[in-house]
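Let me begin by presenting the structure, written as structure tokens, before commenting on it.
The values are calculated or read from the model by the stated rules, or taken from the named source; none is laboratory data. Since this is a predicted model, take the numbers as computed values, not measurements. FYI the Cβ positions are ideal-geometry reconstructions off the backbone, even for glycines, and counts take in every protein chain you see.
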Amino acid sequence: MTALLDVIGLSGGYEPVQIFKDVTLSVERGACVGFFGPNGHGKTTLMKTLSGIIDPWAGRIVFEGEDLAAEGERKTRRSRNLNYDVLVRRRMDPKRVARAGLIHVAQGSTLFPDMTVAEILSIAPAPALAGGRESDEGSVLQLFPRLKERMHSKSRFLSGGERQMLSMACGLLAAPKLLILDEPTLGLSPKLRLELAGAVHTIRESGVPIILVDQDVEFLRDLVGTLNVFDHGSISRRLSQSDIPDHETLMAELFGRRVQ
Ligand SMILES: Nc1ncnc2c1ncn2[C@@H]1O[C@H](COP(=O)(O)OP(=O)(O)O)[C@@H](O)[C@H]1O
Ligand SMILES: [Mg+2]
């Protein structure tokens, strides 16, 4: 049986600047794969490419045997001239990717600021699961009880941690076959970090495969089977769980020892 996700020779970026190159990666069914690396080296750009938000330049993204990066029919308007449209053929269609079950919870807040928590949950694209919509919403709210108390607050009044919880709740409602979490604990207070980390553990225990990007090696080490160290736009090291050192050792290996 093939892997759940096979990424082969993937390159991409923001034209004309290439951000990552020749990334090859496999995620097995039931696995949790981590990404760790310095800021600005292309992790988020790679995740956006996996979910079709931006088009890959080269390579293949095979999810459950289907090549999501095959040249498609979808066209997007790219015009620098008001007098005519330039239509560019997109290789990937993010809706098709989401429908296939590859769900990306983006880095930072990407919610509608003037909608309430209840409204945002109600428009989250959720396939009809066995339990029905209400029961699915009930179970994600069990995972994030804090959201229950904020149901009628507009998302712009939520704290960073609450927004992250709401984004993850929307992602879970979509019944992911593979969940991409891009820095879910970024910028949170220690208390909220713990809460969020606990939720990621629970999601993991429920068997959802995850690609987890984070800056906290200890958090990653508890969860992932493989850790990809990502710098300068490519995977420079692949560590299996038992080989992942503690945060300080890994940082020292990557950037050299600090002068005492
Ligand atoms: N929308 C964008 N347009 C152009 N360049 C971008 C855009 N978003 C990010 N970049 C650049 O791409 C590089 C990689 O950024 P990013 O993928 O966010 O890295 P990471 O997630 O590892 O911190 C950075 O140099 C950043 O400035
Ligand atoms: Mg990032």
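Candidates in the stretch 1-24 are the residues that are hydrophobic (A, V, I, L, M, F, W, C) and not in a loop (DSSP other than H, G, I, E, B); of these, the one that is farthest from ligand 2 (Cβ to nearest atom) is I8. Inside the stretch 230-253, residues that are more than 20 Å from the chain's Cα centre (by Cα), of a type in the set (V, I, T) and buried (at least 17 other Cβ atoms within 10 Å of the Cβ) make up a count of 1. All of (1) modelled with pLDDT of 95 or more; (2) within 21 Å of the chain's Cα centre (by Cα) hold for T185 with one exception: (1).
When restricted to residues that are more than 15 Å from the chain's Cα centre (by Cα), farther than 18 Å from G101 by Cα and touching a residue at least 60 places away in the same chain (Cβ under 8 Å), the stretch 188-219 contains 1. Among the residues making up the stretch 28-46, a single one is touching an Asp or Glu at 6+ places or on another chain (Cβ under 8 Å) and β-branched (V, I, T): T44.
For the stretch 131-173, filtering for residues that are touching a Pro at 6+ places or on another chain (Cβ under 7 Å) and among the charged types (D, E, K, R) leaves 2. Cβ-Cβ contacts under 7 Å between residues 6 or more apart (or on different chains), taken from a first residue in the stretch 4-24 that is more than 19 Å from I180 (Cα to Cα) and at pLDDT 95 or above to a second residue that is assigned to a strand (DSSP E or B) and hydroxyl-bearing (S, T, Y), are listed as G9/T24; Q18/S11; K21/S11; K21/S234; D22/S11; D22/S234.
Look at the stretch 26-53: where a residue is more than 18 Å from G12 (Cα to Cα) and a partner is within 13 Å of ligand 2 (Cβ to nearest atom) and at pLDDT 95 or above, sitting 6+ places away or on another chain with Cβ atoms under 6 Å, you get V33/I211; G34/L212.
Those strands (runs of 3 or more DSSP E) of the stretch 149-250 in which at least 3 residues are more than 16 Å from ligand 1 (Cβ to nearest atom) and under 16 Å from F36 (Cα atoms), considering only elements entirely within it, cover 234-240. Filtering the stretch 26-48 to residues that are within 24 Å of T185 (Cβ to Cβ), out of contact with any helix residue (DSSP H, G or I) (no Cβ under 9 Å at 6 or more places or on another chain) and away from ligand 2 (no atom under 14 Å from the Cβ) leaves V27, G30, A31, V33.
Of everything in the stretch 43-52 that is near ligand 1 (Cβ under 10 Å from one of its atoms) and crowded, with 24+ Cβ neighbours inside 10 Å, the residue that is nearest to Q215 (Cα to Cα) is K43. Selection of the stretch 132-174 for residues being over 17 Å from the mean Cα position of the chain (by Cα) and in contact (Cβ under 8 Å) with a residue 60 or more places away in the chain yields only L143.
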